[in-house]
Amino acid sequence: MRRKLKVNWTPSSRQWVKQYKGKKYYLGTGRCKSDRESYNRAVAKLNEIKRKVCAGESIASTKVLSKSSTLSTKRNWNPRLVSTVVRNFVKTKREVAESSNEEELSFSRVQSLKNRLQHFRDYFANESLSQISESQLNKWSLANAKRVQDGIIKPSTLHQEYNAVKQIYRWSYKQHIINVLPRNLGDIGKQSKAYRRKIKSVKRHLFFTKEEIQLLYMGCCKENFDSSWFTRTDTEIELLKLAIVLSLNTGMTQKDLNDLLFEEIYVDTNPPRCIRKRSKTGEDSNHILWRESVLLLDKHLEGKEFGDRVLSRKDGRDLIVPTVKNGKRTGGRSDILGAMFKRLVERVLGKDDPRRFRELRRTSAEFCKKHMVGTEKLFLSHADGSMSSFYTTPAQEQFDGVLSQLEVDLGFVKSVSIRMCGEVVT
């Protein structure tokens, strides 16, 4: 849980402010919002003001002008300032995302880099990147780590911020913005062996049980559906049911379901299959389709032609719509399937349940691994990095058998005859 600030930070004037009994009090300047020393001074000053006001004293509400605001001379532009370097770095990454149509880099990743560099930018705002010493960099690292102790950010976010700072330093070195990398750059955020073992021991994977899968699936029926959902324009029961089944059957994410094309579904073959390249990695995937998948897909395939997307919203828009501001993509997106599934989980399994749409994919992968080690890689469409992959082909027949058994395990069919290793098993 994030810490609730007792005073407010104003970025434009770089001051702490607080409104008390109809008056706005300026409580001093600071380096940035995460500057704990200036924050503590501001809180102490606010408490003193409250004591005097309660005692009947009159306190003037004056604004403290920072040194930068009192200067009338215009500062010369410096390409080595941290704020300038961060802005140019993000701009370059955004241009890569635009030119590659998100194949090399996604807009969401660009936005994430910008957010992860915000604390570093606020801390060293008007300082030259080349003038930041190793000791200053170490002080920033410690100040940033304290934000985890205060509950402002999570350890995973802290690790991402350290990686983003390392990335911008290496980029600046390649662009001749700096001549030398800091000697302690590799030590920033470096975890000890004991800490890594501790993190590994508490690592938790989230899955659904067979009973929970069936509860979620039945929760999509009209009889059990919340009547208030029918007034929403982005709710479609059959689409949500199909998304759940396809994710369990083929391991598709929301992005995969959005990109699914008509020619990638083979319902006339025996057995029916979905053969495509995964949207994120471009790896080949070949999954047999369950009976329930084919049944629900039939409506969406009707009238479609080569090159048409199989799934879309009621109004014809894509399932995932990127956020656009001033004609540029910001990295955000409107994800109808993720939102619908989140509401479904909260209603059926409880509002505190943290599991989301990606846990469907994880659940089926876990079932596959328990049946036959190695088939989980085929299910997830992950690259096989072993040397044997250059000499052999995937064990597709065994994988088909595992998928057929998965259909039984998750309760979508009572029993099925499958062929595994040359033998027919019921």
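No value in this document is a laboratory result; all are computed from the given coordinates. Just so it is clear, the structure is predicted and the values come from calculations on it, not from any experiment. Cβ coordinates were reconstructed from backbone atoms using ideal geometry, including for glycine residues, and neighbour counts include every protein chain displayed.
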**OP:** Beyond 30 Å, what share of the Cα-Cα pairs of the chain is found? Please give it as a whole percent.
**Re:** 60
Subject >> Calculated FRET efficiency for the pair K299/Q396, C-beta based, R₀ 22 Å, to 0.05 >> reply: 0.15
Subject >> Environment charge of V7, counting only residues whose C-beta is closer than 9 Å and scoring Lys/Arg +1, Asp/Glu -1 >> reply: +3
**OP:** Of the options S247, G350, N138, report the single residue whose Cα projects farthest towards the positive end of the charge dipole of the chain (beta-carbon charges: Lys, Arg +1; Asp, Glu -1).
**Re:** N138
**OP:** Kindly give Rg over Rh for the stretch 210-425, based on alpha-carbon atoms, with the Kirkwood expression for the hydrodynamic radius.
**Re:** 0.97
Subject >> Residue order, fewest to most beta carbons within 10 Å, for T10, T375, T393 >> reply: T393, T10, T375
Original post:
R0 = 56 Å: FRET efficiency of V408 with E127, Cβ-based, nearest 0.05?
Top reply: 0.35
Original post:
Given the Cα-Cα distance of Q175 and S13 and 0.36 nm per residue of separation, how much length would full extension add, in nm?
Top reply: 55.1 nm
Original post:
Fewest to most neighbouring Cβ within 10 Å: what's the order for S172, S247?
Top reply: S172, S247
Original post:
Would you list L142, L239 from fewest to most Cβ contacts within 10 Å?
Top reply: L142, L239
Subject >> Extension gain, R309 back to N270 (0.36 nm per residue minus Cα-Cα distance, nm) >> reply: 11.7 nm
**OP:** Using a 10 Å cut-off on Cβ atoms, rank the peptides 153-159, 376-382 from the highest mean neighbour count down.
**Re:** 376-382, 153-159
Subject >> the stretch 273-288 - phi-based ³J(HN,Hα) in whole Hz, Karplus 6.51/-1.76/1.60, Gly and Pro as x >> reply: 9, 10, 10, 7, 9, 5, 4, 6, 10, x, 6, 5, 9, 9, 10, 6
Original post:
Per residue and in Å³, how big is the convex hull formed by the alpha-carbon atoms of the stretch 341-383?
Top reply: 73
Subject >> FRET efficiency, N40 to Y20 (Cβ-Cβ, R0 22 Å, nearest 0.05) >> reply: 0.75
Subject >> Table column - 3J(HN,Hα) (Hz), the stretch 144-160, Karplus curve with 6.51, -1.76, 1.60, x for Gly and Pro >> reply: 5, 5, 5, 5, 5, 4, 7, x, 6, 10, 8, x, 5, 5, 4, 4, 5
Subject >> In sequence order, calculated HN-Hα J values of the stretch 314-331 (Karplus, 6.51, -1.76, 1.60; Hz; x Gly/Pro) >> reply: 4, 8, x, 6, 5, 5, 10, 10, x, 7, 10, 9, 6, x, 10, 6, 8, x
Original post:
Roughly what % of Cα-Cα distances in the stretch 82-201 sit above 26 Å, to the whole percent?
Top reply: 24
Original post:
Whose amide H sits under 5 Å from the amide H of G331, counting only residues 5 or more places off or on another chain, with H placed in the peptide plane?
Top reply: T323
Original post:
Once you list every other residue whose beta carbon is under 11 Å from the beta carbon of S133, what net charge do they have if Lys and Arg are +1 and Asp and Glu are -1?
Top reply: 0
Subject >> Simple label model, 7 Å out from Cα along Cβ direction - E103 to E238, nm >> reply: 3.5
